[in-house]
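For reference, the structure I am asking about is given below.
The values are calculated or read from the model by the stated rules, or taken from the named source; none is laboratory data. Small disclaimer: the values here were computed from a predicted structure and weren't measured. Cβ placement follows ideal geometry from the backbone for every residue including glycine, while neighbour counts extend to all protein chains displayed. The area values use the complete protein model at the heavy-atom level, side chains included, leaving out ligands, DNA and RNA. Shrake-Rupley method; radii C 1.70, N 1.55, O 1.52, S 1.80 Å.
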Amino acid sequence: IDLPKGAVCQWATLGDKGRTLLVADSGNGQVMLRDLDRPAEWTLLQVVPDVKFVASHPDGRWIAYSRWKQGVWALDPRTNISIELERSPASFFAVFSPNGKWLVTGSPDKYHVWEVGSWAKPVHDLRGYHGIAGLVGPLAFSPDGTMLAVARSSSVVDLVDATKGWEEIVTLTSPDPEI
């Protein structure tokens, strides 16, 4: 897929059940959306300079984006209004639950669970990443949204039960911690 002239793709993901491509364009400080049924059209949403990461709500109602070592925001693409959720001198990642109810954001100290749409404050905190200082480990929900995998370091992943108070239920450790 050709990007608009001058675009610098830092991160890309599919949204709206695979019908939309979202691109974090750091060169122009925008999130670019492309309806894959209309491949010639891009919707350009101005966000923050040097945007590095983007995640999509399952039905496309919200977009989470971040800037390297700056923070994470939630964006309503219908109004192009952003809400700042986090600000920290660390990297950020975010993931929406498959049912669209939760957004989990990460910082080195904590992962925060937000109720989508209210954005008032995190409803729950999980332990942070204990790997390289200033970085955040990846996050992923199971397809049914009941489990969240949280990278704690390069060799440790915790599985969290999203249906029972965000309880950590098991820790998976690599047999070779050097990998």
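With every protein chain kept in the model, how would you rank Arg67, Arg87 by accessible area, 1.4 Å probe, largest at the top?
Values: Arg67 75, Arg87 150 Å².
The residues order as Arg87, Arg67, largest area first.
When averaged across all projection directions, what area in nm² does the alpha-carbon convex hull of the range 33-102 cover?
Quarter of the Cα hull surface area: 5.1 nm².
Keeping all protein chains in place and using 1.4 angstrom, which order do Arg61, Arg152 fall into by accessible surface area, from largest down?
Arg61, Arg152
In square angstrom, what is the accessible area per residue of the chain with a 1.4 angstrom probe? Each step should come with its number before you reach the end.
Details: 9120 Å² over 179 residues.
That works out to 51 Å² for each residue.
Evaluate the Debye formula for the chain with equal point scatterers sitting on the alpha carbons, no solvent, and hand back log10 of I(q)/I(0) at q = 0.10, 0.13, 0.14, 0.16 Å⁻¹, in q order, two decimals.
Log10 of I(q)/I(0), two decimals: -0.38, -0.64, -0.74, -0.95.
At what distance in nm do the modelled label points of Ala120 and Thr43 sit from each other, each positioned 7 Å from its Cα along Cα→Cβ?
Label at Ala120, label at Thr43, 2.9 nm between them.
Could I ask something else about it? GNM, the chain, Cα, under 10 Å: largest mean-square fluctuation among Ala55, Ala120, Ala24?
Highest fluctuation among the options: Ala120.
Tally up the carbon and sulfur contribution to the accessible surface of the chain as a whole percent, 1.4 Å probe, everything protein left in place.
Roughly 53 percent of what the probe reaches on the chain is carbon or sulfur.
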